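Q: Just dropping this structure here.
Read the figures in this text as sums done on the coordinates, not as results from a lab. What you are looking at is a predicted structure, and each value in this text was computed from that prediction instead of being measured. Quick reminder, even Gly has a Cβ in these numbers, built from the backbone with ideal geometry, and neighbours come from all protein chains shown.
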Amino acid sequence: MTTVADVAIQSNVLIPTWFGIGGKADQMCRPKDAAELRRCVQIDPSLRILGDGANLLVDDAGVGELVVVLDQPAFKTVTPPGSSGPGGGSGRVFAGAGANLPKLILEAVRLGLGGLEGLGGIPATVGGAVMMNAGGAFGQIADAVASVHGVDRQGNQIVLRREEIDFGYRRSGLGSGGVDMIITGVELELHEEDPGVLRARLKDVMEYKRKSQPMADRSAGCVFKNPTLKAELPGLGHAGERVSAGMLIDKAGCKGLAVGGASVSQRHANFIVTDPKAARARDVIELMDAVTAKVQSAFGVKLEPEVVVWRR
Ligand code: EPU
């Protein structure tokens, strides 16, 4: 551990991900507050933010940029409606970027605040979920976002209202190639609803996923985005329709396909499951390439990864 201008930096730290594999960060920092985060940005403007590691594959060689984890209390605070501070108004909740999304969903349901329960079963931090507009058949987080707070790569504060954000399918436009901001907190607009109704809806969503997805295995959720078809695929979808990547991977015969300790789930073909003792990040990358090639040759559809890959 070294201290650079009052910020503690750890060296050579394993980056925890849901895959349970992959390389290390040369440098990692857990800033205590906004001032320390700004210091991190000064030290390395190219820093990477680690969320829950739920949608992330880190290459075996690790990464050289400073990896910043927003897991200190200042970045995990949730301000419920009626409190003073940024949350304030009736259905508005302010959540720090490092707050845990599944816990926030449970708390919102308990308080009778609807709008997040369709995101049940998605492991994420709030910042990570907003950055990639996490969601599925039962909703996307963008629909509940009122504003996003953060800093740019020069350390300047940014607040963007919902209408200023270019949300799309699994994208927010807030990452590199877009606004390129570091999210520190999100104001969510929820609505009052009967907690019993919300609880039942959350239960249904979880039940659907438990039945159709390998929730007990090590994975990063869906590996590929659902593609929009350019041409009709008889029996599978029309031109312009977004179809399940999992269905295409399944129909291309990839279930069970394996490289080293990584394999295509038998339960849902858009999941790659890993055995952390046997798998390397390279295995997952090679398996993703093999699946992409098989779907391309079977259907002429080019799958795009949803999983974020960090490499040097
Ligand atoms: N299907 C198959 N074989 C498979 C998987 C699916 O034939 O191996 C078929 C299913 O039978 C169903 C259809 O494909 O008829 C759609 O499947 P599903 O309901 O599982 O939805 P999906 O489009 O494959 C999306 C999200 C999931 C999300 C679910 C449910 C993407 C890339 N995937 O999957 O999100 O959990 O809807 O809301 O948008 C994730 O993003 O990490 C993720 C898992």
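Q: Please work out whether region 1-154 counts as rounded, prolate or oblate from its C-alpha gyration tensor, where a ≥ b ≥ c are the square roots of the eigenvalues and a/c under 1.5 means rounded, while otherwise a/b larger than b/c means prolate and anything else oblate?
A: Oblate, because a/c is 1.5 or more while a/b does not exceed b/c.
Q: When only Cα pairs under 8 Å and 6 or more residues apart are kept, what is the percent relative contact order across the chain?
A: Normalised by residue count, the contact order of the chain is 17 percent.
Q: Please sort 207-219, 48-60 by packing, taking for each peptide the average over its residues of neighbouring beta carbons within 10 angstrom, highest first.
A: 48-60, 207-219
Q: Sort 108-120, 21-33 by the packing proxy (mean of other Cβ within 10 Å over each peptide's residues), most packed first.
A: 108-120, 21-33
Q: Can I ask one more? log10 I(q)/I(0), Debye, Cα-only the chain, no solvent, q = 0.10 Å⁻¹?
A: Values returned for q = 0.10 Å⁻¹ are -0.59.
Q: How do 239-247, 135-143, 97-105 rank on mean C-beta neighbours within 10 Å, highest first?
A: 97-105, 135-143, 239-247
Q: Can you give me the C-alpha center-to-center distance between region 106-183 and region 237-312, rounded to a whole angstrom?
A: Using only Cα atoms to place each centre, the spacing works out to 26 Å.
Q: Another question about this same structure. Which listed residue (214, 266, 202) has the Cα farthest towards the positive end of the charge dipole for the chain, taking +1 on Lys and Arg C-beta and -1 on Asp and Glu C-beta about the Cα centre?
A: Selected residue: 266.
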